[in-house]
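Visitor: Following this message is one structure expressed as structure tokens.
The values are calculated or read from the model by the stated rules, or taken from the named source; none is laboratory data. These numbers were taken from a predicted model, which means no experiment stands behind them. Using ideal geometry, Cβ is built from the backbone for each residue, glycine included, and neighbour counts are taken over all protein chains shown. Note: areas computed on protein heavy atoms with side chains; ligands, DNA, RNA excluded. Shrake-Rupley method; radii C 1.70, N 1.55, O 1.52, S 1.80 Å.
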Amino acid sequence: MAKLSIQDLTVEGKRILMRVDFNVPLKDSDDGSQRIITDDTRIRAALHSIEYLIKNGGQVILMSHLGRPNGERQAKFSLQPVAERLGELLGAPVAFADDCIGDAATTAVAQLKNGQVLLLENVRYHNEETANNPDFAAKLAAHGDIFVNDAFGTAHRAHTSTAGVTAFIDTCAMGFLVERELKYLQDELREPKRPFVVIMGGAKVSDKIEVITALLDKADSFIIGGGMAYTFRKAQGYTIGKSICENNKLELALNILKQAEEKNTQFLLPADNLQADAFGENANVKYTDVYSGGTGGIDDEWEGLDIGPAAIEEFSEVIATAGTIIWNGPMGVFEIDKFSKGTQAIAAAMAQSDAVTIIGGGDSVTAVNKYGLADRMTFISTGGGASLELLEGKTLPGIASLSDK
Ligand code: AMP
């Protein structure tokens, strides 16, 4: 059943306890006196919901985790710099409570007026957060009349602030960000515009196997790149040199290839690869022959680190005629320029296509940002693990526990 949305709520004069994902990257300032936010994408991603609640007269109480302080107060994991950055983005001050429960929090909540915003300190300063502890949940829930979850990135975790609190608040809704993630990673894929093309890359088959299996029936084409392709190639009997490979997944890889054939799903492995004699910008590189009938493959002591020109051409053709494309995982070690051509070409082909283009989280997001193509995609997920679990067809605890419409 559909979940209650932030738009279904009457928020004026109400205390809205909202879980956001403010787990931003930080570094020390040059003089070491401050923590600096190096990427505020996650803060910006929550602005839509926060601004909506402010405009409609809600009292907004935000909670989030930051890093892994493992139940201890540690200054480097404080959300204080986030309160300041959020205030700048909103153009209005954001109050900060230096604990998420107890007197500091209760007093700050009581002082909030309609349209004002308060950020509570890192919920993971308490071990009870990840333990999904009912007493801790009751204390957090006491801050709000209504709960909103807009933290898609942690929606796959059954933690206190993502799921536990919902047992103590009657009205629990999803925010705009979560709603959009569900629209593209779930609803849109129920009846995708065809051909539906799934592009999977990244290091390991084992991380993506459940997504591949879940989408085998639904997709018209799979494009496989990155390190995971070598497990398939080795399973087919090709040489892979020192390329990354999961030797305990060879049988599984063959089984996937067989299933794809039975289901008449196109399953494309890279037709060729870029191989290197070292892992770095100074490596010597060359292309493999096109894999065919036992020839092709990586030389001894060399390592496959990107897809080759024949693969780029074939993949780009499939992308050009797609109706819906979902992409998770780079085609090679794109962090190193020498091995980034394949990933860049796939990002460019997606940007040029008329398809619904969905970037399904993780390193593909980094890649499209790096190549300046983010605003040419239909949707970019903010989740990593959460996106994959949704694509696997799993129920996410942080969404399942919200009120039905
Ligand atoms: P994932 O988080 O599973 O999407 O994996 C992303 C990582 O896979 C990136 O850091 C890439 O550098 C890495 N990767 C992609 N292709 C290869 C490859 N051929 N060999 C080793 N690592 C790779």
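Visitor: Say we look at region 117-149 and pick out the residues that are more than 14 Å from His65 (Cβ to Cβ) and in contact (Cβ under 8 Å) with a residue 60 or more places away in the chain; which of these is most open to solvent (accessible area, probe 1.4 Å)? Working first, answer last.
Guide: Kept after step one, since they are more than 14 Å from His65 (Cβ to Cβ), are these residues of region 117-149: 117-118, 133-135, 137-139, 141-148.
Add one more test, that the residue is in contact (Cβ under 8 Å) with a residue 60 or more places away in the chain, and what stays is 117, 141, 143-148.
Working: Val117: 7, Ala141: 5, His143: 10, Gly144: 10, Asp145: 66, Ile146: 10, Phe147: 0, Val148: 0 Å².
The qualifying residue most open to solvent (accessible area, probe 1.4 Å) is Asp145.
Visitor: Also: If Leu189 satisfies all but one of (1) modelled with pLDDT under 95; (2) open to solvent by 10 Å² or more (accessible area, probe 1.4 Å), what's the number of the condition it fails?
Guide: Unmet for Leu189, out of (1) modelled with pLDDT under 95; (2) open to solvent by 10 Å² or more (accessible area, probe 1.4 Å): (2).
Visitor: Which members of region 150-161 meet the condition of being closer than 18 Å to Ser49 by Cβ and more than 16 Å from the chain's Cα centre (by Cα)? I'd like the intermediate steps shown before the answer.
Guide: Within region 150-161, the subset closer than 18 Å to Ser49 by Cβ is 150-155, 161.
Selection gives Ser161 alone.
Visitor: If we keep just the residues of region 303-355 that are open to solvent by 60 Å² or more (accessible area, probe 1.4 Å) and over 25 Å from the mean Cα position of the chain (by Cα), which is farthest from the ligand (Cβ to nearest atom)?
Guide: Keep residues of region 303-355 that are open to solvent by 60 Å² or more (accessible area, probe 1.4 Å), which gives 309, 313-314, 317, 320-321, 335, 337-338, 341, 344, 352, 354.
Narrowing further to those that are over 25 Å from the mean Cα position of the chain (by Cα): 309, 313-314, 317, 321, 338.
Values: Pro309: 16, Glu313: 19, Glu314: 18, Glu317: 22, Thr321: 25, Lys338: 12 Å.
Among those that are open to solvent by 60 Å² or more (accessible area, probe 1.4 Å) and over 25 Å from the mean Cα position of the chain (by Cα), it is Thr321.
Visitor: Out of all the residues in region 38-56, is one or more closer than 16 Å to Glu121 by Cβ and assigned to a loop (DSSP other than H, G, I, E, B)?
Guide: no
Visitor: Kindly list, by first and then second residue, each pair from a residue in region 194-210 that is outside the structural domain of Lys242 (by TED's automatic domain parsing) to a residue that is within 14 Å of the ligand (Cβ to nearest atom) and open to solvent by less than 40 Å² (accessible area, probe 1.4 Å), limited to pairs with Cβ atoms under 8 Å and residues at least 6 apart or on different chains.
Guide: No pair meets every condition.
Visitor: Could I ask something else about it? Say whether the condition of being under 27 Å from the mean Cα position of the chain (by Cα) and surrounded by fewer than 23 Cβ atoms within 10 Å (Cβ to Cβ) is met by at least one residue in region 258-265. Spell out the reasoning first.
Guide: Here is the first cut: in region 258-265, the ones under 27 Å from the mean Cα position of the chain (by Cα) are 260, 265.
Add one more test, that the residue is surrounded by fewer than 23 Cβ atoms within 10 Å (Cβ to Cβ), and what stays is 260, 265.
Yes, that holds for at least one residue.
Visitor: Next question, about the same structure. Among Thr160, Thr231, Thr166, which is part of a loop (DSSP other than H, G, I, E, B), of a type in the set (Ser, Thr, Tyr) and crowded, with 18+ Cβ neighbours inside 10 Å? Steps first, please.
Guide: On the way: Thr231 fails: part of a loop (DSSP other than H, G, I, E, B); Thr166 fails: part of a loop (DSSP other than H, G, I, E, B).
Being part of a loop (DSSP other than H, G, I, E, B), of a type in the set (Ser, Thr, Tyr) and crowded, with 18+ Cβ neighbours inside 10 Å holds for just one of Thr160, Thr231, Thr166, which is Thr160.
Visitor: Within region 57-86, work out how many residues are on the phi < 0 side of the Ramachandran plot and either in a loop (DSSP other than H, G, I, E, B) or open to solvent by less than 10 Å² (accessible area, probe 1.4 Å) (or both). Working first, answer last.
Guide: Going through region 57-86, the residues on the phi < 0 side of the Ramachandran plot turn out to be 58-66, 68-69, 72-86.
Now drop any that are not either in a loop (DSSP other than H, G, I, E, B) or open to solvent by less than 10 Å² (accessible area, probe 1.4 Å) (or both), which leaves 58, 60-66, 68-69, 72-74, 78-79, 82-83, 86.
Count: 18.
Visitor: If you don't mind, another one. I'd like to verify a number: residues in region 378-399 that are in a loop (DSSP other than H, G, I, E, B) and buried (at least 20 other Cβ atoms within 10 Å of the Cβ), how many? Quick ask: steps written out before the conclusion?
Guide: Within region 378-399, the subset in a loop (DSSP other than H, G, I, E, B) is 378, 381-384, 392-396.
In the following step, the residues that additionally are buried (at least 20 other Cβ atoms within 10 Å of the Cβ) were identified as 381-383, 396.
Of the residues in that region, 4 qualify.
Visitor: Being open to solvent by 70 Å² or more (accessible area, probe 1.4 Å) and under 35 Å from the mean Cα position of the chain (by Cα) is the filter; apply it to region 290-302 and report the residue that is nearest to Gly241 (Cα to Cα). Reasoning before the result, please.
Guide: Taking region 290-302 and keeping what is open to solvent by 70 Å² or more (accessible area, probe 1.4 Å), we get 290, 293, 295, 300-301.
Keeping just the survivors that are under 35 Å from the mean Cα position of the chain (by Cα) gives 290, 301.
Working: Val290: 16, Glu301: 5 Å.
Among those residues, the one meeting the criterion is Glu301.
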